[in-house]
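All remarks here apply to the structure that follows.
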Amino acid sequence: MGSISVLFLVFMFLLAVDVKAQQNHSNVIPLGSWLSPIANRTSWLSPSGLFAFGFYPQGRKGFAIGIWMHTQPKNTIVWTANPDDPPVSSKATLNLTSDGMLLLRTEQGEENFIVTFLDEEGPEPADSASMHDSGNFVLYNNSSYVIWQSFDNPTDTILGGQNLSSGDELVSRSDHSSRRYCLKMRTNGNLVSSPVNSTDGSENAYWYVATFYGSGVKLSLNPRGFLRLTTYSSSLVILANNSYPGKKETSTIIYRAILDSDGIFKLYSHHFWGNSNTSSNVSLEWSSLHDQGEVRGFCGLNSYCTGTGSKAECRCYPGFHFMSPKNKLLGCYNNFSEDSCSKGPRIHYNIAASPNISWGDFPYSVQLINQENCYKSCLGDCYCRAAFYIYEDGTCNKFKLPLRYGRSQNSSVIAFFKVIQRNGGSLDDHNPVFLKDSKKKIILILSLTLGSIAFLCSVIAISCFFIYRHQVHRYRELSPENVNVEFAENFTLHSFSYNELENATDGFKEVLGEGSFGSVYKGYVSEANKTIVVKRLEKFVEEGERGFQAEMTAIGRTHHRNLVQLLGFCIEGSRKLLVYEYISNGSLADLLFKAKKRPLWKERVRITLEVARGIFYLHQECEVHIIHCNLKPQNILMDDTWTAKISDFGLARLSVPNQTRISMGLEGTSEYSAPEWQKNSPISVKADIYSFGVLLLEIVCCRGSIEVNVLTTDEILLSNWVYNCFVAGQLDKLVEDENVDMKTLERMVKVGLWCIQEDPALRPPMKNVILMLEGTVDIAVPPSPAISHS
């Protein structure tokens, strides 16, 4: 009897093992298997039934091949095979053929590979396939090695356990065929969202995370919702973390990160309860952006985005109409002639104005004029289709069509649009017609404000015109050589005669300092009741009058609150002088190194950002990009409101057109000079980034980059001391006895150390520097700066 019981238990055990083996083996898809949209088997399921691979409906009557998750009210697609191909009919079949190929046979008899298996010797056939519970569809060879998997070929989604490697991208789609946005893991280590088919420039990116680590970085999502940027050895940036210690889950949770159809990268969690695999609760765990209007290209060409959050709406600019009223995302068009500058019947235009609308394209013309002259300039320019006037810096930006990345938001901008005039009136006497708003109060406020601004601008413009004419006439009388008359008439800067400047400086009597290219004198212009600074270019390399005028034009167009304003010039033979505004509170060097009490921490943070914005303007925002090449505390001046202003910002460009070290006269600034100066290598904007990094660390510590009178030899070189304190977690040593925000201190130190890297490629661009200083983007741990000085 006992032996019978033992045999019964052994039999039951073997039966259970056999059932389990069959369950495990049931997920294996053998050669010869096939699927059809209208057959009994339309898909291959994962063991739990949560995921399926096969045909799913696409469009009205078509089908596509992909992977989906069983959720309610409809399935969630996580991968699509050949997403650019059109849908197939219900008579198509998918076959895992006996020779190991996964083939799609269409109704017309065409055969297309769903995946290919290539090695050095040619196609490698599959021996079996499997749909995993992770959402990964895998093909194996006869040695059970993976030869292809869907996780290595993402479309718009990554799942838990999946990575986005360097060079890979996710592409969002509004439907099966419309590719709109991509999220790319670039080879430089940056994760960037931008419209599809756009260039890699910063003007097209609307969201990114910078690491500066190069091709070893990948985007990783683990099965517990930990979304981050990693290298092979460490985590760099954490985007979302839903893995909390002690968190007890009574359900199955699947995490899914997707570049959604609106262009926003999002992380979702799907919670499944009990034995039901087809019902779930979906939660949004994280989103890269919270406003659809921030997505560049959300609205099509010649349209702009209004509203916030997920309720953004697209509208056409004045004079434009929707390409398709049913799909407003496609953009707008108008009836303008493509070649309006050609000879032919004259079309009369008017100007429609709309406040708080701007767009992201580059203007073909930037002028420093008032608002009224801005729309008149566009009205009289056959190439101009739209313009916007920026109140903050007083610039008029003119554009051709099409207009991209339009958005309505509260800003100090007013947009002007050229529209075809219907009443046949005169072209010369139009005032802008402002768009109607539903709120009468807004119309009244805008009318009063813009009317007052227009009146003041008109008064200022008339006054400037008469003053300008008077100065030109006077200069002609004082300059018998008449060298600069034609130049002065076409230039917005004030042209001085040498005698005027000699009288203004009382014979160049009061010397304020010695610059890199000559002496600096204090002067006074009684007619304008203004104190000035005159720089006489004594060490200037002779380039000829025409070259000097061209460079003066470039510098004269710079206009920024953190740059010392150039007021005028003088050219008389070999005499070349520049006239700047007078800055009353000395230099940043005086404030940091000579003041009895070091500036407050908040003031130092503010000054750092002001200097960074000034450099960014020189590098990217002004019409002609300028490399400073001589950044140091002595060239950062403080005005009467203690605002930092960069001086000498044009002399590097004036003296060295080829951007080399020849005749630079920078021998006394080696501690601020990038290593490429000493190697006599070509100079780029990264040389200024290096100088800014040294300057930033000096602002943080209120001491020079090289100090001899220190407690230990480790403190002599500031960069080494700062890096050692950073590695040791002792940043408080840098700012002893100060009330300092330690997070801001760490952020500034990390930025400074990145900027002074010996390899220029590792130094971040100025735009990234500003974003990191403001705390907008995370900062990776910087390596040790390898610094060498002559």
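Coordinate-derived values only; no laboratory data. Model, not experiment: these values are computed from the prediction. FYI the Cβ positions are ideal-geometry reconstructions off the backbone, even for glycines, and counts take in every protein chain you see.
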Residue order, fewest to most surrounding Cβ atoms within 10 angstrom, among 184, 679: 679, 184
Fully extended contour minus Cα-Cα distance, from residue 776 to residue 681, at 0.36 nm per residue: 30.9 nm
Distance (nanometres) between label positions extended 7 Å along Cα→Cβ at residue 215 and residue 524: 6.6 nm
Pairs from 218/733; 509/576; 266/400; 376/767; 602/750; 509/679 whose Cα-Cα separation, in the structure shown, is over 28 Å: 218/733; 266/400; 376/767; 509/679
Contour excess over end-to-end distance, with Cα ends at residue 767 and residue 281 and 0.36 nm allotted per residue: 170.9 nm
Spacing of the two label points (7 Å from each Cα toward its C-beta) at residue 99 and residue 202, in nm: 5.4 nm
Fewest-first ranking of 183, 31, 566, using other Cβ atoms within 10 Å as the exposure measure: 31, 566, 183
Residues 361, 152, 640, sorted so that the one with the fewest Cβ neighbours within 10 Å comes first: 640, 152, 361
Rounded Å value of the spacing that divides the Cα centres of region 145-166 and region 678-741: 43 Å
Rounded, prolate or oblate (a/c below 1.5 giving rounded, otherwise prolate when a/b exceeds b/c) for region 141-214 by Cα gyration tensor: oblate
Prolate/oblate/rounded label for region 50-149 (Cα gyration tensor, a/c 1.5): oblate
Where a label projected 7 Å from the Cα of residue 620 along Cα→Cβ would reach, residues of region 762-779 with amide N under 12 Å: 764-772
Sites residue 347 and residue 590, calculated FRET efficiency, Cβ-Cβ separation with R0 60 Å, nearest 0.05: 0.50
Sites residue 364 and residue 421, calculated FRET efficiency, Cβ-Cβ separation with R0 22 Å, nearest 0.05: 0.40
Centroid-to-centroid separation of region 348-364 and region 384-400 [C-alpha atoms, Å]: 7 Å
Spin-label pair residue 91/residue 224, simplified geometry with 7 Å Cα→Cβ offset, distance in nm: 5.3 nm
